[in-house]
Amino acid sequence: MPIKDSSTLIAQPNLTPTYSLSDWAKGHQSLYDEHDYWIDDIEGQIPPELQGTFFRNGPGLLDINGYSVHHPFDGDGMIVKISFADGRAHFSNRHIRTAGFVAEQKAGKPLYRGVFGTQKPGGFLANIFNTKIKNIANTNIIYWGDKLLAMWEGAEPYRLDPYTLETIGPDYLDGLLKPGDAWSAHPRIDPHCAMDGGEPCLVNFSVKTGPTSKITISEFNPAGQLLRKHTHSVPGFAFLHDMAITPNYCIFVQNPVIFNPLQFLLGLRSAGQCLQFNPKQQSKIILIPRNGQDQVQILEAETCFIFHHANAWEAGDEVFIDSVAYDSFTTIDPDVDFREIDFENGVPGALWRFRLNLTTKQTEHEVIDQRCVEFPTLHPEMVGRPYRYLYIGAAAQPTGNAPLQTLLKLDLTTGKQQIWSAAPRGFLGEPLFVPRPGGNAEDDGWLLVLMYDAAHDRSDLVILDATDLNREPVARLHLKHHIPYGLHGSFTKLVVGL
Ligand code: CO
């Protein structure tokens with residue numbers, strides 16, 4: 001779709017403009033090509049100690065043969081891989097050959113309806129996250145137990161070759177899943193699991209929702225073998241995108257939404273558009289004991305909508321959870337193109353801290369910072385533990401809703417902040433914190449983030465020194481092309497596929 005050309009910068013009232021909508025929208029174009037090359041256009045220097053592989057998933061195609069998706073979350077998954085070794089970096093990207101992708105590319109047109117609004121004729125769907133929906137495998141990617149898995153919360157993961165990124169096929173986790181079974185795109189890694197003698201373990205969940213929802217927790221050892229699995233019923237419809245963990249709990253925030261499937265069944269709206277936020281209902285915080293034996297606890301909390309949690313930890317009989325919370329949930333109406341979205345009328349996500357007392361069952365919340373933020377990251381050793389530093393994508397201005405153009409470092413002990421800005425023509429995705437080998441301080445490491453550079457219509461991988469965001473980036477790796485805005489990724493210390 002043609003992008004309207006406009007150099008008008010957009011700002012909140014009385015603040016300096018920081019971006020133009022046409023610049024932002026250009027980052028939502030499909031990337032049809034698949035590349036494989038050494039990155040040689042670099043400003044600064046790649047630290048030689050930075051060894052490993054950056055994987056990121058996200059929609060690669062925002063159209064199928066010219067038919068645009070209605071929402072970027074409906075775009076087929078594409079993996080970006082950047083391998084770092086000895087101060088050099090190698091780039092490759094591949095579209096994931098899911099069954100739906102292959103069929104639609106062959107047909108030259110969409111054959112499925114998307115969860116978030118892409119409407120095309122094709123079968124009635126009885127359950128939003130259950131049957132006959134296209135598995136687009138576009139949300140996250142993780143290398144665990146020798147498997148590279150692309151994840152989407154509506155169905156099973158797709159396994160890829162970590163060297164070539166070729167699609168191997170759906171993966172059922174050694175029989176844990178059956179075809180079509182959901183497995184969330186938001187696993188967490190407990191760096192030192194108390195139940196496993198301090199070994200790391202991967203914790204993930206599946207949700208089967210309805211008038212009552214079933215949440216299944218699954219935990220895996222570093223070899224990818226299942227350690228624990230247990231299923232729990234919770235009342236009500238549950239839209240659960242993410243989970244936080246502590247040594248003893250898996251923690252969910254059940255958003256106050258009503259799912260009204262009638263318009264979806266009639267084909268008038270997508271499943272995602274039938275989620276309705278109910279401002280009169282409280283959020284519920286669900287704590288599932290990781291041992292699978294103790295009682296599930298459900299506490300009421302301040303009304304809000306949450307996609308992502310930053311971290312959680314325990315302190316005596318209290319549990320703390322830091323999350324990106326929105327005052328309400330908005331969908332893109334069927335007649336609006338997402339590239340023309342009105343940011344100013346959107347609801348920004350802000351960083352909240354929930355404090356739960358498990359004895360009195362009381363909860364309270366505080367807004368840590370008002371700034372519009374998304375995509376939190378932290379030192380992987382601090383997952384589930386009290387921590388000091390959080391890094392997160394943020395808007396360039398302190399108030400209002402806007403695209404992510406800056407990286408914010410929050411010192412949660414002192415309240416100090418640092419900001420690195422890519423505004424006015426740079427747009428950021430999810431940052432990843434990578435610890436410096438041998439480093440001791442919690443912020444001793446790098447932040448890796450993909451930035452869409454509208455001025456050059458290409459993307460950069462920016463490497464920042466996490467100890468001081470006021471410094472110039474350590475390196476900017478200019479890619480030969482753009483990468484559409486993505487979702488989540490991960491970093492593995494293994495250098496895969498050089
Ligand atoms: Co997510």
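The values are calculated or read from the model by the stated rules, or taken from the named source; none is laboratory data. Bear in mind the structure is a predicted one, so any value in this text is a computation, not a measurement. Here the Cβ positions follow ideal geometry from the backbone for every residue, glycine too, while neighbour counts run over all protein chains shown. Each accessible area value is taken on the protein alone, full model and side chains, heavy atoms only, with ligands, DNA and RNA left out. Shrake-Rupley method; radii C 1.70, N 1.55, O 1.52, S 1.80 Å.
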- Task: Run Gly210 past the list (1) under 23 Å from Phe307 (Cβ atoms); (2) more than 16 Å from the ligand (Cβ to nearest atom); (3) part of a loop (DSSP other than H, G, I, E, B); (4) modelled with pLDDT of 95 or more and report the number of the one that doesn't hold.
- Result: (4)
- Message: So for the stretch 220-235 (the condition being over 17 Å from Ile133 (Cβ atoms), more than 16 Å from the ligand (Cβ to nearest atom) and free of Cβ contacts under 8 Å to residues at least 12 places away in the same chain), does at least one residue qualify?
- Response: no
- Task: Go through the stretch 404-421 and give me each residue that's surrounded by fewer than 23 Cβ atoms within 10 Å (Cβ to Cβ) and not polar (S, T, N, Q).
- Result: Asp411, Leu412, Gly415, Lys416, Ile419
- Note on the structure: Within the stretch 485-498, residues being within 16 Å of the ligand (Cβ to nearest atom) and assigned to a loop (DSSP other than H, G, I, E, B) number 4
- Message: Where the second residue is open to solvent by 90 Å² or more (accessible area, probe 1.4 Å) and at pLDDT 95 or above and the first is closer than 28 Å to Pro398 by Cα and lies in the stretch 13-38, which pairs have Cβ atoms under 9 Å and are six or more apart or on separate chains?
- Response: Tyr19/Arg425; Ser20/Arg425; Asp23/Arg425
- Query: Taking interchain pairs and intrachain pairs at least six residues apart, which have beta carbon atoms under 6 angstrom, with the first residue in the stretch 130-156 and farther than 18 Å from Phe307 by Cα and the second within 14 Å of the ligand (Cβ to nearest atom) and at pLDDT below 90?
  - Reply: Ile133/Gly154
- Message: Which residue is modelled with the lowest pLDDT, if the candidates are limited to the stretch 131-158 and must be away from the ligand (no atom under 16 Å from the Cβ), over 14 Å from Val496 (Cβ atoms) and surrounded by 18 or more Cβ atoms within 10 Å (Cβ to Cβ)?
- Response: Ile133
- Given Gly197, Gly169, Gly180, Gly175, which one is open to solvent by 40 Å² or more (accessible area, probe 1.4 Å), more than 17 Å from Pro222 (Cα to Cα), out of contact with any Pro (no Cβ under 6 Å at 6 or more places or on another chain) and without any contact (Cβ under 8 Å) to a residue 60 or more places away in the chain? Gly175
- Note on the structure: If you go through Gln297, Gln282, Gln293, the only one that is surrounded by fewer than 14 Cβ atoms within 10 Å (Cβ to Cβ) and not charged (D, E, K, R) is Gln293
- Item | Subset tally (residues that are away from the ligand (no atom under 16 Å from the Cβ), part of a strand (DSSP E or B) and of a type in the set (Val, Ile, Thr)) for the stretch 162-189 | 2
- Filter pass, Arg159 being assigned to a strand (DSSP E or B) and under 21 Å from Trp313 (Cβ atoms): no
- Task: Please find, among Asp468, Asp443, the residue that is in a loop (DSSP other than H, G, I, E, B), open to solvent by less than 30 Å² (accessible area, probe 1.4 Å), more than 16 Å from the ligand (Cβ to nearest atom) and farther than 16 Å from Gly52 by Cα.
- Result: Asp443
- Note on the structure: Going through the stretch 321-355 in order, the residues found to be without any contact (Cβ under 8 Å) to a residue 60 or more places away in the chain and under 29 Å from Met382 (Cα atoms) are Ala325, Tyr326, Asp327, Pro348, Gly349, Ala350, Leu351, Trp352, Arg353, Arg355
- Task: Starting from residues that are open to solvent by less than 40 Å² (accessible area, probe 1.4 Å), away from the ligand (no atom under 16 Å from the Cβ) and at pLDDT 85 or above, keep the ones in the stretch 329-352 and report whichever is nearest to the chain's Cα centre (by Cα).
- Result: Ala350
- Has the stretch 354-364 got any residue that is over 30 Å from Asp74 (Cα atoms), touching a His at 6+ places or on another chain (Cβ under 7 Å) and open to solvent by less than 40 Å² (accessible area, probe 1.4 Å)? yes
